[in-house]
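Accompanying notes for the structure given below.
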Amino acid sequence: HEPEIDGFEWLHGAAVVWHNGRLFASFGHNKGKENTAGEEAKWRVSGDGGRTWGPVRLIDRGDDPDLAVSHGVFLSRDGELWAFHGAFTGSMEDVHTRAYRFDDAAETWVHKGKVVGQGFWPMQSPLLLRDGSYIMAGFRAESGNPPALAISGSDLLQWRLVTIPIADGMNVWGESTIVRRPDRVLNIARFSAPLALVSESRDGGGTWTTLRETNLPMAASKPYSGTLSTGHAYLIGSSSA
């Protein structure tokens, strides 16, 4: 964040991934305010494990002045690097997810099109489930802003949107993350109150229980989860505002 150097007042939503021995990072960038049409998706790469970084480069700024492309998530699979980024028009209208594949030879990102619509913004790298499908956690920036999932088979350009049910009147900004367990998938989502919300699926993300409050303190900020090599799940989030 160096507005005095590059004029970008907003920088947010970092994602990182290892790919072919290098560490890639991406983030959203805007010379104006967050969630306005000037947003751009940027990236940098490190060859020494994150100690030093190359120049800031562009993934996409959209092909229309009213279109914004913002922060997203990575997936390195079978020697290919993919990125899935939230995008919108105007001020958070027509929110959707766009896919990109990295061209290793040219060191550029190739736009592969809009792959999820209906307000979906990805918040966690796609995870591989036991049945061979991929599941990508995020939220749906419409219809009460619930947590949502995108599910794909082997074709990363074809995704099915699944929305987690929320109770009437629940005030949610459903940025979410998932944890894979042997018998179920857990979704942990952001709440307006300082508590984590949870839902679970026992059919690979096809159906979910209604979102409910937990006893876990978590500020109204984006959570992120994963699984350690020991099999233990972890959750990263802010515990106080």
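In table form, for the structure just shown:
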{"item": "Long-range neighbours under 7 Å by Cβ, at least six apart or interchain, first residue under 11 Å from Arg130 (Cα atoms) within the stretch 170-185, second open to solvent by 80 Å² or more (accessible area, probe 1.4 Å)", "result": "Asp183/Arg202; Arg184/Arg202"}
{"item": "Hits in the stretch 134-144 - residues which are at pLDDT 95 or above and not hydrophobic (A, V, I, L, M, F, W, C)", "result": "Tyr134, Gly138, Arg140"}
{"item": "Residue among Leu216, Leu211, Leu149 that alone is among the aliphatic types (A, V, I, L, M) and open to solvent by 40 Å² or more (accessible area, probe 1.4 Å)", "result": "Leu216"}
{"item": "Trp43 vs. criteria at pLDDT 95 or above, closer than 28 Å to Leu186 by Cα and surrounded by 16 or more Cβ atoms within 10 Å (Cβ to Cβ)", "result": "no"}
{"item": "Residues of the stretch 86-139 classified as in contact (Cβ under 8 Å) with a residue 12 or more places away in the chain, exposed (fewer than 15 other Cβ atoms within 10 Å of the Cβ) and more than 19 Å from Asp60 (Cα to Cα), total", "result": "3"}
{"item": "Check on Pro65, open to solvent by 20 Å² or more (accessible area, probe 1.4 Å) and free of Cβ contacts under 8 Å to residues at least 12 places away in the same chain", "result": "no"}
{"item": "Count of residues meeting criterion [exposed (fewer than 15 other Cβ atoms within 10 Å of the Cβ) and either under 19 Å from Asn145 (Cα atoms) or hydrophobic (A, V, I, L, M, F, W, C) (or both)] in the stretch 219-232", "result": "2"}
{"item": "Selection count where residues are within 22 Å of Asp104 (Cβ to Cβ) and out of contact with any Ser or Thr (no Cβ under 9 Å at 6 or more places or on another chain), scope the stretch 1-26", "result": "2"}
{"item": "Members of the stretch 46-62 found to be under 18 Å from the mean Cα position of the chain (by Cα) and either open to solvent by 70 Å² or more (accessible area, probe 1.4 Å) or farther than 20 Å from Tyr100 by Cα (or both), listed by number", "result": "Arg61"}
{"item": "Residue within the stretch 173-191 that is of a type in the set (S, T, N, Q) and either surrounded by fewer than 16 Cβ atoms within 10 Å (Cβ to Cβ) or more than 28 Å from Val16 (Cβ to Cβ) (or both) present", "result": "no"}
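The values are calculated or read from the model by the stated rules, or taken from the named source; none is laboratory data. Because the structure is predicted, anything quoted here is derived from the model rather than measured. Quick reminder, even Gly has a Cβ in these numbers, built from the backbone with ideal geometry, and neighbours come from all protein chains shown. Ligands, DNA and RNA are excluded from the accessible area calculation, which covers all protein heavy atoms including side chains. Shrake-Rupley method; radii C 1.70, N 1.55, O 1.52, S 1.80 Å.
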